[in-house]
Amino acid sequence: MATSKAVRLGRELRRGGILWIPFVPLLIFALAFEILPMAYIFYSSVHSAKGLGLHSYVQVFHSKYYVISLRNSILVSAAVGIVGLMAGTLGALALRSLHESKREKLLTLVNMTTNFAGVPLAFAYIVLLGVNGLITVLAKEKMGLDLYGMGFNLFSWTGIVLVYIYFTVPLAFMLMYPAVYAIGQDIQEAAEILGASRSYFWRKVGIPILLPSMLGSFTLLFANALGAYATAYALTNSNNSLVSITIANLVTGDIFPDPSLASALAVIMAAILALSLLINGKLRRRGGVGQ
């Protein structure tokens, strides 16, 4: 089997000729910045001060602190993925009713919003909803609402979820829009002609059509939130235990640095991300995300 695949690959390379040359820099880039670093991280995870072995993995799953950081990251990513998916799907459905020119402008705006994340996003939220933020001060002076006195805290888990949702909703919107747009008006009209109400159509036809896309999009939203680092770190520093922040602390820590343990956590997180993407791929083949 492996020999036949190698033979087919050789035939394709010979058939492509010089057309493969532009892909050489891409292959070099992928090898230098993705494949080799990942291989080194895996090697580092099994090579600690105790020698080769799974000592770092054992330490991860026997330490309550690291288990909690993994649990927190999974819970936050799941919550953000669910909220973002619901909001993005409803937004994509609402966009169908707009004129095409307005729809294109809104899609451009949403596409730009998906790229606004990291430290700039955290800073923007601090300016608006920090202890002395614009919205915080205006709400207290103009409406008599003390947000922080009522229990809101931007620098807590609530703030992390709120900030993550900001860049998750536009991504969900862009993921779900093609699937929503694929439900043509003619399908709805045909259902209405046959006597189906709007709610019955969405319950029996619309939602089953969208379900594979929604599940597949959720896995991508989950993976995106799980791998986020800069936004949460800029917002809360090291006060909240997320696996991405824990990895950074183990690598850059001045007192107890442990690169092997950080690599083990990175491999575990990569395995969770790979599983999410694998599920997404199966759902795409079964129902078609964005088709």
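The values are calculated or read from the model by the stated rules, or taken from the named source; none is laboratory data. From a predicted model like this one, the values you see are computed outputs, not experimental measurements. Here the Cβ positions follow ideal geometry from the backbone for every residue, glycine too, while neighbour counts run over all protein chains shown.
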Does any residue in the range 50-67 that is over 13 Å from Ser260 (Cβ atoms) and of a type in the set (Lys, Arg) come within less than 9 Å, Cβ to Cβ, of a residue that is modelled with pLDDT under 85 and assigned to a strand (DSSP E or B) six or more places away or on a different chain, and which pairs are these? none
Residue pairs meeting the criteria (Cβ under 7 Å; at least 6 apart or on separate chains; first closer than 12 Å to Tyr65 by Cα and in contact (Cβ under 8 Å) with a residue 60 or more places away in the chain, in the range 238-249; second surrounded by fewer than 21 Cβ atoms within 10 Å (Cβ to Cβ) and charged (D, E, K, R)): none
One residue is enough: does the range 130-144 have a residue meeting the conditions within 24 Å of the chain's Cα centre (by Cα) and part of a helix (DSSP H, G or I)? no
Scanning the range 93-120 residue by residue, those part of a helix (DSSP H, G or I) and either charged (D, E, K, R) or modelled with pLDDT of 90 or more (or both) turn out to be Glu100, Lys102, Arg103, Glu104, Lys105
Checked Phe201, Phe218 against criteria (more than 17 Å from Ala87 (Cα to Cα), in contact with a helix residue (DSSP H, G or I) (Cβ under 7 Å, 6 or more places away or on another chain), surrounded by 13 or more Cβ atoms within 10 Å (Cβ to Cβ) and at pLDDT 80 or above); the one match is Phe201
For the range 156-170, enumerate the residues that are outside any loop (DSSP other than H, G, I, E, B) and either among the small types (Gly, Ala, Ser) or more than 19 Å from Arg96 (Cβ to Cβ) (or both). Trp157, Thr158, Gly159, Ile160, Val161, Leu162, Val163, Tyr164, Ile165, Tyr166, Phe167, Thr168
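Okay, residues lined up against (1) closer than 18 Å to Ile165 by Cα; (2) assigned to a helix (DSSP H, G or I); (3) β-branched (Val, Ile, Thr):
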| site | (1), (2), (3) |
| --- | --- |
| Ile183 | no, no, yes |
| Gly195 | no, no, no |
| Asn239 | no, no, no |
| Ile245 | no, yes, yes |
Criterion violated by Asn153 - all others in (1) assigned to a helix (DSSP H, G or I); (2) surrounded by 12 or more Cβ atoms within 10 Å (Cβ to Cβ); (3) of a type in the set (S, T, N, Q) satisfied: (1)
From (1) among the aliphatic types (A, V, I, L, M); (2) within 30 Å of Leu75 (Cβ to Cβ); (3) touching a residue at least 24 places away in the same chain (Cβ under 8 Å), pick out the condition that doesn't hold for Ile183. (2)
